[in-house]
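The structure under discussion appears below in the form of structure tokens.
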Amino acid sequence: MNNYIKEIKATFIFLIIFGIFFFFIYLIKNFDPDYPFMGYFVGYLVFISILTILSKFIKFKIFKKIINIISFPAELFLILGVLILPFMELIKNSILYFGLVISVSYYLFWSLEYFGLVESSTLITYLTWTFAVFSAVIFNFQIRKFINYISPGSSDSPDKILKYKEISDYLLSENNIRFTIYSVYFIVLIFNNILSFQSQASEIDINFNKAILQSFVTFIAFERSLSILKTLKFKPSDLLDKIHGAISNHIKEINKNN
């Protein structure tokens, strides 16, 4: 029971951090230079900077306490930034991971459609989703290695880079990617079914739902094949060696008879 509570608390903390992160993105996206708050905020930072400089010359304890009280919001904001920084790195790597597989898949089949090799939009949707999830699982190690290669900054220490790499590899492990894919399919299918059952679905929606469903079925079959393959004792290389041995023995017998 304690383990469940611990995981629930950890999940809740992650949700709060992600919420703060996307809230900052929202503020940046809707930034308005004419909004009075931004002017007050910049003025507040300038005021704190001036007080900090004056504290170097004014040694009164009461003055320092006043500065600490006034600068508390800024310090809290700084602490939040330091705490969010590792999470931002993970979010960035996650976006890079799925953005890479989705963009490659999209532009690959978009080019086929552009040159007239594929004309069905439903087929394009099916191939794009299927190729993306297949690539995310099959090339998990290669994609993680590429992301870790381009992620660290030149100013980061080797220990910091290694620590970020370990956290990133843990988050983007093959099993976690599989879980994410299943979760995305689950959410998309529920959303599409609700839209289909709630109102009269158009032909475009029906074809899109069909493409997603068939893509999911294909991925399940692919996953099942991989799991069975891991338990098989059959190996193509072993079969090739046995065939090679049989042919060699047959050639030796022919030479002896001659």
Along segment 224-230, Karplus-curve 3J(HN,Hα) (6.51, -1.76, 1.60; θ = phi - 60°) to the nearest Hz, with x for Gly and Pro, reads 5, 5, 5, 5, 5, 4, 5
Which residues in segment 169-185 place their backbone N less than 13 Å from a point set 7 Å from the Cα of Glu89 along the Cα-to-Cβ direction? 169-171
Backbone HN-Hα couplings from phi across segment 171-177 [Karplus 6.51/-1.76/1.60, Hz, Gly and Pro as x]: 5, 9, 5, 4, 5, 5, 5
Quote to one decimal, in nm, the extra length available between Leu123 and Ile48 on full extension: 0.36 nm per residue of separation minus the C-alpha distance between them. 21.0 nm
Quick one: ranking Asp238, Asp169 by accessible area, 1.4 Å probe, largest first, what do you get? Asp238, Asp169
Provide the FRET efficiency to the nearest 0.05 for the Phe115-Ile206 pair, computing r from the beta carbons and using R0 = 25 Å. 0.40
Hey, rough spin-label estimate for Ile70 and Ser151, points 7 angstrom out along Cα→Cβ, what's it come to in nanometres? 4.1
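The values are calculated or read from the model by the stated rules, or taken from the named source; none is laboratory data. Only a predicted model underlies this, so the values are computations on that prediction, with no experimental measurement involved. When we count neighbours, we look across all protein chains shown, and the Cβ atoms used for this are built from the backbone with ideal geometry, even at glycine. Surface areas here come from the heavy atoms of the whole protein model, side chains and all, with no ligands, DNA or RNA. Shrake-Rupley method; radii C 1.70, N 1.55, O 1.52, S 1.80 Å.
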